[in-house]
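K.L.:
There's a structure below that I have some questions on.
The values are calculated or read from the model by the stated rules, or taken from the named source; none is laboratory data. What you see is a predicted model, and the numbers here were worked out from it, not measured in a lab. Virtual Cβ from ideal backbone geometry, glycine too; neighbours counted across all protein chains shown.
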Amino acid sequence: MISERAILVGAGEEIYLDELGRLASTLGLEVVGRMAQARRDGAGYLGKGKRRELAEQVHNTNASCVITDDELTASQARVLEKDCGADVVDRTELIIRIFELHARDAASRLQVELADLEYRLPRVKGRNPALSRLGGGVATAGATRGPGEQQLEYDRRAIRRRMDAINLKLEQERSARAVRGSRLRTDGPPTVALVGYTNAGKTTILNSLSGAGRSTADRLFETLETTTRTVPGGSERPANGPQSSVKPDFVVTDTVGFIRKLPTQLVHSFASTLEAARYADIRVLCADASSPTLREEIETVRHTLAEMSRGSEPPEDLEGLGEGKEDILCLNKIDLLSKERLADLRADYPAAVRISAARDSAPLLESIYEAISTGMERLELLIPHSEYGLAAQLYGRAEIHTSQDTLDGLRLDLTAPKSLANKYQPYRTS
């Protein structure tokens with residue numbers, strides 16, 4: 001259990017102590033102090049003088065935990081821990097613990113366990129320095145290593161075996177997810193992926209669009225697994241005619257939020273997020289409009305998606321994600337902004353959709369329908385009564401403008417995804 005009182009420490013060019021404090025608060029820690037220096041020391045993360053200052057601050061605040069804004073090597077952690085007189089937790093371990101706390105489904109728990117094992121493997125010796133000294137160099141029958149060294153190697157082998165087992169399970173889960181995704185892309189309605197920085201309000205947007213009862217607590221990484229819901233279409237009756245226009249259903253997926261300095265050990269946790277972004281018909285980059293680092297957060301999401309996609313096939317699947325070419329940029333939480341700040345956002349992001357998902361997501365819904373329509377085709381069909389099942393399949397998957405029952409069959413005027421339109425080519429009348 002991590003101590004309740006913590007001091008935050010950062011070193012180097014990019015220091016995000018405010019965000020680190022929010023991460024700490026997510027685990028229920030009380031931040032009682034901060035310290036930063038511009039240069040990162042190779043031996044103890046902080047220089048000798050700063051480590052002495054940190055020791056005094058630990059003593060004065062009665063803190064028993066120091067949290068660093070970067071991942072530390074085992075030796076750096078030992079030096080810093082010895083000099084400051086408190087337990088040391090680095091950014092990577094802190095985020096892994098948050099993921100561990102919020103993992104709900106089996107796949108997420110496996111991914112977090114794998115990340116934890118990858119983090120621990122090179123630190124087995126660093127965390128247990130006494131083991132390497134127990135009987136070291138004493139030869140016994142059939143052995144040339146001491147029991148401490150044997151124990152370390154046993155621990156490493158056990159970790160590697162467990163990692164192999166988890167990787168196998170995750171690969172099986174990935175294959176199953178790929179089959180489900182392929183079927184959905186072939187036969188299902190249009191798909192929408194919500195991507196963005198952690199705590200940008202993606203889950204609130206999902207709830208608003210679909211009515212899903214997902215947790216929306218104001219904590220970082222509240223959502224770790226992708227969640228998919230169907231948003232049912234609706235009917236609109238134009239003012240100049242009696243015939244209603246039917247909006248198509250679409251599927252919306254909530255994904256894991258990104259963060260600066262994403263630990264490499266947690267990349268597996270974002271595999272489903274990357275797939276959702278890659279294969280979605282529409283991608284919505286959600287951002288917290290009230291964040292003082294809004295621009296950086298948007299660029300972090302774009303950059304991280306682009307970096308993660310470089311090892312994926314085919315690379316063109318992401319179609320520009322990471323280059324500012326997402327289909328919709330959604331600035332959420334505008335209810336928290338002043339009029340002046342809202343005016344600035346309109347000028348800075350004129351094409352963005354601005355909403356407060358907790359109040360009304362209608363502007364985003366309309367933008368999604370508009371984006372879907374650009375990938376759709378208008379066509380007129382005549383489907384014989386004997387094949388009425390084909391007509392029934394169109395409802396919820398196409399925007400039906402008119403429907404007329406005739407002696408020859410059902411005559412439809414509709415707008416459908418191009419992939420669906422190709423399937424109905426034999427029934428086209430124009």
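K.L.:
Here is a check on your reading of the model: is ALA38 over 21 Å from GLU297 (Cα atoms) and more than 28 Å from the chain's Cα centre (by Cα)? I'd like the intermediate steps shown before the answer.
P.N.:
Numbers: over 21 Å from GLU297 (Cα atoms): yes; more than 28 Å from the chain's Cα centre (by Cα): yes.
The answer is yes for ALA38.
K.L.:
Look through region 386-414, keep the residues that are closer than 18 Å to PRO189 by Cα and buried (at least 19 other Cβ atoms within 10 Å of the Cβ), and return whichever of them is farthest from the chain's Cα centre (by Cα).
P.N.:
Filtering first and then ranking leaves ALA391.
K.L.:
Something else about it: Yes or no: region 330-339 includes at least one residue that is touching a residue at least 12 places away in the same chain (Cβ under 8 Å), on the phi > 0 side of the Ramachandran plot and in the same structural domain as CYS286 (by TED's automatic domain parsing).
P.N.:
We begin by selecting, within region 330-339, every residue touching a residue at least 12 places away in the same chain (Cβ under 8 Å); these are 330-337.
If we keep only those that are on the phi > 0 side of the Ramachandran plot as well, we get 333.
When the remaining residues are screened for being in the same structural domain as CYS286 (by TED's automatic domain parsing), the result is 333.
For region 330-339, residues touching a residue at least 12 places away in the same chain (Cβ under 8 Å), on the phi > 0 side of the Ramachandran plot and in the same structural domain as CYS286 (by TED's automatic domain parsing): present.
K.L.:
Here's another thing I want to ask about it. Within region 21-33, work out how many residues are surrounded by 17 or more Cβ atoms within 10 Å (Cβ to Cβ) and part of a strand (DSSP E or B).
P.N.:
Adding up the residues that qualify gives 2.
K.L.:
Of the residues in region 24-64, how many are among the polar types (S, T, N, Q) and touching a helix residue (DSSP H, G or I) at 6+ places or on another chain (Cβ under 7 Å)?
P.N.:
2
K.L.:
So, one more: Could you tell me whether ILE159 is surrounded by fewer than 19 Cβ atoms within 10 Å (Cβ to Cβ), outside the structural domain of ILE400 (by TED's automatic domain parsing) and at pLDDT 60 or above? Step through it out loud before you land on a result.
P.N.:
Working: surrounded by fewer than 19 Cβ atoms within 10 Å (Cβ to Cβ): yes; outside the structural domain of ILE400 (by TED's automatic domain parsing): yes; at pLDDT 60 or above: yes.
Here the answer is yes, as ILE159 does meet what is asked.
K.L.:
Could you check how many residues of region 103-117 are assigned to a helix (DSSP H, G or I) and either of a type in the set (D, E, K, R) or touching an Asp or Glu at 6+ places or on another chain (Cβ under 6 Å) (or both)? Steps first, please.
P.N.:
Of the residues in region 103-117, the ones assigned to a helix (DSSP H, G or I) are 106-117.
After this cut, where a residue has to be either of a type in the set (D, E, K, R) or touching an Asp or Glu at 6+ places or on another chain (Cβ under 6 Å) (or both) as well, the list is 107-109, 112-113, 116.
Going through region 103-117 one residue at a time, the tally reaches 6.
K.L.:
Here is a follow-up. Name the single residue that is nearest to SER356 (Cα to Cα) among those in region 274-300 being assigned to a loop (DSSP other than H, G, I, E, B) and of a type outside the set (S, T, N, Q).
P.N.:
Taking region 274-300 first, the residues assigned to a loop (DSSP other than H, G, I, E, B) are 280-281, 289-293.
Subset that is of a type outside the set (S, T, N, Q): 280-281, 289, 292.
Details: ALA280: 23, ASP281: 24, ALA289: 9, PRO292: 17 Å.
In this case the residue turns out to be ALA289.
K.L.:
Something else: Six or more apart or on different chains, Cβ atoms under 8 Å: show the pairs whose first residue is in region 408-430 and in the same structural domain as LEU394 (by TED's automatic domain parsing) and whose second is part of a helix (DSSP H, G or I) and buried (at least 18 other Cβ atoms within 10 Å of the Cβ).
P.N.:
LEU410/ALA391; LEU412/ALA391; PRO417/ILE372
K.L.:
Every residue in region 34-54 that is surrounded by 17 or more Cβ atoms within 10 Å (Cβ to Cβ) and part of a helix (DSSP H, G or I), please.
P.N.:
Residues satisfying the conditions are LYS50, ARG51, LEU54.
K.L.:
Still on this structure: Would region 367-384 turn up any residue that is more than 28 Å from the chain's Cα centre (by Cα), outside any strand (DSSP E or B) and modelled with pLDDT of 80 or more?
P.N.:
From region 367-384, those more than 28 Å from the chain's Cα centre (by Cα) are 376-384; that's our starting set.
So of that shortlist, the ones also outside any strand (DSSP E or B) come out as 384.
Right, trim to modelled with pLDDT of 80 or more and you get 384.
Yes.
K.L.:
May I ask you to verify whether ARG91 is among the basic types (Lys, Arg), surrounded by 20 or more Cβ atoms within 10 Å (Cβ to Cβ) and modelled with pLDDT of 95 or more? Give the derivation first.
P.N.:
Details: among the basic types (Lys, Arg): yes; surrounded by 20 or more Cβ atoms within 10 Å (Cβ to Cβ): yes; modelled with pLDDT of 95 or more: yes.
Yes, satisfied.
K.L.:
Pick from ILE328, ILE298, ILE334: which is surrounded by 15 or more Cβ atoms within 10 Å (Cβ to Cβ), modelled with pLDDT of 90 or more and within 14 Å of the chain's Cα centre (by Cα)?
P.N.:
Working: ILE328 fails: within 14 Å of the chain's Cα centre (by Cα); ILE334 fails: within 14 Å of the chain's Cα centre (by Cα).
Testing whether each residue is surrounded by 15 or more Cβ atoms within 10 Å (Cβ to Cβ), modelled with pLDDT of 90 or more and within 14 Å of the chain's Cα centre (by Cα) leaves just ILE298.
K.L.:
Out of (1) over 17 Å from GLU366 (Cβ atoms); (2) among the β-branched types (Val, Ile, Thr); (3) at pLDDT below 75, what's the single condition that is false for THR253?
P.N.:
(3)
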